[in-house]
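If you scroll down you'll find the structure; I have some questions about it.
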Amino acid sequence: MLNYLIRRLLYMVPILLGVMFITFALFNVVNTPRQMAYRILGPKASVQAIDNWLNNHGYVDKEGKELPTFFNTAPGKNPFDSLYFRSMKRFATFDMGRSFATDEPVMTMIRRGALPSLCITLPAFVVGLFLALSASLLLVFVRDSLIDRWGTVLCVASMSIPITVYVIYGQLVAAKIFPWFPAFGFNLEGFSTVRFIALPVVIMLISGLGADVRMYRAIFLEEVRAEYIRTAQAKGASHARVLLVHMLKNGMISVITLVVAALPFLIMGTLVLESFFGIPGLGNLMTNAIQTSDFGVIQADVYLGSLLYLFGLLATDICYAAVDPRIRLQ
Amino acid sequence: MPIWLSNLLILTGCAAFAALLRAFLFTERSRRALNRLRRDRVGVVCAVLIALFLLAGLADCLQLHPRQSLLDYAFRNVPREAGYSAPLARVTFNERDPKPLQGRHLFGTDLLGKDVLLQTLKGCKTALIIGGLTSLIYIPVGALLGILGGYYRRWVDDIVQYLYSTLASIPGILLLVAVMMTLGKGLDRMAIALSITAWIGLCRLVRGETFRQAAKPYVEAARALGQSHTRILLFHILPNVMHLVIINAILGFSGLVLAETILSYLGVGAPVGTPSWGIMIDSARMELSREPAVWWPLSAASGALFVLVLSLNLLGDSLRRAFDPKAG
């Protein structure tokens, strides 16, 4: 197991380096620091103001000269004193710099946004998982019937509506029917939080349910066709027992890996939902950053999101190896 | 570019696309699948609906005059109003001082007095451009890399795997936003940004299937007959993974249309003024907060979007069943 774990970790190193490189390239090469400065300060900003901005955000060396992109070839300089190696160092130490818009350290903003995001995503995820599993088991139980057929169509239909439409209609309907739940705002003071998070949680739940049910149904259907199911039926186990004991156990392996991979992302929040309901989470932070061209925050978000993905991948592999010994030996 | 040239290019493109599709459908396997699809009522209805959307989009691409497309020509008798008006209303949507309208509008008119039905149909063109342009970029890339990785294995496969696992590590929507932020607004840029994330799924799928196909006896037989790798890839393996590419392209198209609405909402999507469903849905936030609410542009845009995406998804599922009846 330890051997396997070390192999997985080593496998991740080049991918992490690749992610760092892409993030760096997007925000330093495709968009040079000078271009970003002009985007923030406006096209008519003076050269002096631009230089000042570059200086404040660490894009120049000690003598006030602009850093080269990859290697510092100037005589007498450290060849690694360049934008690329500085970025790598900052990524490695989680120093995400300051927001371009508010000048606040990005990590502080992210730490502040994590909890509100979790308030929305965690309940929606847990309840959604439970509902999706029950619904998909039901569909598998009545497989190849009219209910199964139209249930699947319903799932596809719910996947065909963009999240923005869910949110717009949801907010409109909810504000008319349940005026007790505020359509905008957030606080973290005990029970009143529930009032604020109820609507976004329900909308997130509904918008994600169709895709989950369809996926779990496909997983379970594959299991149902396996031979051990026929064996169980042949020895006289009841239909419900075959489904809920024999099949669920095996099907859950795939489900758990999916769930574990999704867990780290809960902290990232939801892009569209949060800004609609005024929840000061990470999704809202990102939406604001997009509107204000705050590349500092976007860069941090992209990088941290990738780290979370890799973390989820690792956790998935560990879970998979733990429940299925065959994997470890490959 | 002169109008006749752009029209000609568009028509040639469509003809080339149709010829390609026909060439693929000529194989024994696809014909059997199509026969099965013909008996699937849902699939047929979806295919017809998608064809209608494509026709509407195409009609808006073909131009008669510099500022008039075929679609505009069909709507030439629909007058432009002064502002909002409800569906089939006779007066403008203004409580204090309603003015009589010059014509009737099935889906009403928007803020600038344009017919919402026409705007919705024009949205087909935008969806078509985004979906089509992106597919043109990502399908060749994804399919090629997938086939190469699955067939040659070893270091080729290592490179392909490294490329897609690195890109897949960055959450799709964040990467999309980041690329759009650095490239700037525009439909062509959106196609590039969407391609960067879209090819990963296709590549994985094709790679896996090529892996399976390459182990089959027919490949070995072709090899024993002395055929070159290129020939085996093009004439033996590609036809056998092509159905996956087509199914993935259809399902992917729906994802691209949905992604456009999210990007437009975030303000990094289509430029303002493009008749796109994403922008219509986004502007509905303001319209719904008016009293009384202006609900028809949102309903028309989201309705059209829903029908297109649902048809694409259901057709993709039907095709998958038709090609692989055992999978169910």
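If B:Ile50 meets every condition in (1) within 14 Å of B:Leu314 (Cβ to Cβ); (2) in contact (Cβ under 8 Å) with a residue 40 or more places away in the chain; (3) surrounded by fewer than 12 Cβ atoms within 10 Å (Cβ to Cβ) apart from one, which number is that one?
(3)
Related question: Among the residues in segment A:232-255, are any farther than 20 Å from A:Ala124 by Cα and touching a Ser or Thr at 6+ places or on another chain (Cβ under 6 Å)?
No: segment A:232-255 contains no residue that is farther than 20 Å from A:Ala124 by Cα and touching a Ser or Thr at 6+ places or on another chain (Cβ under 6 Å).
What are the residues in segment A:17-32 that are in a helix (DSSP H, G or I) and within 8 Å of another protein chain (Cβ to nearest Cβ), if any?
Listed by number, the residues that qualify are A:Gly18, A:Val19, A:Ile22, A:Thr23, A:Leu26, A:Phe27, A:Val30.
Does A:Leu188 satisfy the criteria of being assigned to a loop (DSSP other than H, G, I, E, B), away from chain B (no Cβ under 14 Å), closer than 20 Å to A:Ala124 by Cβ and touching a residue at least 60 places away in the same chain (Cβ under 8 Å)?
Yes; evaluated as a whole, the condition is true for this residue.
Turning to a different aspect of this structure: Using beta carbons and a limit of 9 Å, which pairs, at least six apart or on different chains, have the first residue in segment A:117-131 and under 14 Å from A:Thr193 (Cα atoms) and the second one of a type in the set (S, T, N, Q) and in a helix (DSSP H, G or I)?
Matching pairs, first to second residue: A:Ser117/A:Asn284; A:Cys119/A:Thr193.
Now, a different point. Residues of segment B:191-247 being among the charged types (D, E, K, R), crowded, with 16+ Cβ neighbours inside 10 Å and over 24 Å from B:Ala322 (Cα atoms), which ones? Walk me through it before giving the result.
Within segment B:191-247, the first condition is being among the charged types (D, E, K, R), and the residues that meet it are B:204, B:207, B:209, B:212, B:216, B:220, B:223, B:231.
Remaining after also requiring crowded, with 16+ Cβ neighbours inside 10 Å: B:204, B:207, B:209.
Within segment B:191-247, none qualify.
Shifting gears a bit: On the given criteria, is B:Ile250 within 30 Å of B:Asp60 (Cα to Cα), in contact with a helix residue (DSSP H, G or I) (Cβ under 7 Å, 6 or more places away or on another chain) and touching a residue at least 40 places away in the same chain (Cβ under 8 Å)? Before you say what the answer is, go through the steps one by one.
On the way: within 30 Å of B:Asp60 (Cα to Cα): yes; in contact with a helix residue (DSSP H, G or I) (Cβ under 7 Å, 6 or more places away or on another chain): yes; touching a residue at least 40 places away in the same chain (Cβ under 8 Å): yes.
Taking the combined requirement at face value, the residue satisfies it.
On to the next question. Of everything in segment B:154-174, what is touching a residue at least 12 places away in the same chain (Cβ under 8 Å) and either more than 25 Å from the chain's Cα centre (by Cα) or within 7 Å of chain A (Cβ to nearest Cβ) (or both)? Give them in sequence order. Lay out the reasoning, then the answer.
To start, the set of residues in segment B:154-174 that are touching a residue at least 12 places away in the same chain (Cβ under 8 Å) comprises B:157, B:160-161, B:163-164, B:167-168, B:172-173.
Result: B:Asp157, B:Val160, B:Gln161, B:Ile173.
Here's another thing I want to ask about it. Out of all the residues in segment B:112-124, is one or more over 26 Å from B:Leu58 (Cα atoms) and either at the interface with another protein chain (Cβ under 10 Å from one of its Cβ atoms) or free of Cβ contacts under 8 Å to residues at least 40 places away in the same chain (or both)?
Within segment B:112-124, not a single residue is over 26 Å from B:Leu58 (Cα atoms) and either at the interface with another protein chain (Cβ under 10 Å from one of its Cβ atoms) or free of Cβ contacts under 8 Å to residues at least 40 places away in the same chain (or both).
Output the residues belonging to segment A:86-105 that are of a type in the set (A, V, I, L, M) and more than 21 Å from A:Tyr38 (Cβ to Cβ).
A:Met88, A:Ala92, A:Met96
Conditions first: (1) modelled with pLDDT of 85 or more; (2) in contact with a strand residue (DSSP E or B) (Cβ under 9 Å, 6 or more places away or on another chain). B:Gly113 passes all but one, so which condition is the exception?
All conditions are met except number (1).
Next question, about the same structure. Return yes when A:Arg7 is of a type in the set (D, E, K, R) and more than 14 Å from chain B (Cβ to nearest Cβ) and no when it is not.
yes
Please specify each residue of segment A:149-184 satisfying the condition of being outside any helix (DSSP H, G or I), more than 10 Å from chain B (Cβ to nearest Cβ) and touching a helix residue (DSSP H, G or I) at 6+ places or on another chain (Cβ under 9 Å).
A:Phe178, A:Trp180, A:Phe181, A:Pro182, A:Ala183, A:Phe184
Residue-wise test of (1) at pLDDT below 85; (2) touching a helix residue (DSSP H, G or I) at 6+ places or on another chain (Cβ under 6 Å).
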residue	(1), (2)
B:Arg204	no, no
B:Ala222	no, yes
B:Ile232	no, yes
B:Ile246	no, no
B:Leu256	no, yes
B:Gly269	yes, yes
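Quick one: which helices (runs of 4 or more DSSP H) lie wholly within segment A:264-330 and hold at least 1 residues that are facing another protein chain (nearest Cβ under 9 Å)?
Because the criterion is at least 1 residues that are facing another protein chain (nearest Cβ under 9 Å), the helices (runs of 4 or more DSSP H) in segment A:264-330 that meet it are A:271-277, A:282-291, A:295-323.
For A:Ile50, are the conditions met, namely being among the aliphatic types (A, V, I, L, M), closer than 23 Å to A:Thr69 by Cα and more than 12 Å from every other protein chain (Cβ to nearest Cβ)?
yes
Further question on the same structure: Just one of the numbered conditions (1) of a type outside the set (A, V, I, L, M); (2) touching a residue at least 60 places away in the same chain (Cβ under 8 Å); (3) surrounded by fewer than 21 Cβ atoms within 10 Å (Cβ to Cβ) is not true of A:Thr270; which one?
(3)
Has segment A:125-148 got at least one residue that is closer than 30 Å to B:Leu298 by Cα, of a type in the set (Lys, Arg) and either within 14 Å of chain B (Cβ to nearest Cβ) or outside any helix (DSSP H, G or I) (or both)?
No, there is no match, as no residue in segment A:125-148 is closer than 30 Å to B:Leu298 by Cα, of a type in the set (Lys, Arg) and either within 14 Å of chain B (Cβ to nearest Cβ) or outside any helix (DSSP H, G or I) (or both).
I'd like the full set of residues that are farther than 20 Å from B:Gly123 by Cα and of a type in the set (Gly, Ala, Ser), limited to segment B:280-327.
B:Ser289, B:Ala293, B:Gly316, B:Ser318, B:Ala322, B:Ala327
Name the residue that is farthest from B:Asp115 (Cα to Cα), counting only residues in segment B:267-321 that are among the aromatic types (Phe, Trp, Tyr), assigned to a helix (DSSP H, G or I) and within 11 Å of chain A (Cβ to nearest Cβ).
Step one: filter segment B:267-321 for residues among the aromatic types (Phe, Trp, Tyr), giving B:277, B:295-296, B:306.
Then keep just the ones that are assigned to a helix (DSSP H, G or I); that gives B:277, B:296, B:306.
Going one step further and asking which of them are within 11 Å of chain A (Cβ to nearest Cβ), we end up with B:277, B:306.
Values: B:Trp277: 14, B:Phe306: 20 Å.
Here the residue is B:Phe306.
For A:Gln35, are the conditions met, namely being assigned to a helix (DSSP H, G or I) and away from chain B (no Cβ under 14 Å)?
no
The values are calculated or read from the model by the stated rules, or taken from the named source; none is laboratory data. What you are looking at is a predicted structure, and each value in this text was computed from that prediction instead of being measured. Note that each Cβ is placed from the backbone with ideal geometry, even for glycine, and that neighbours are counted across all protein chains shown.
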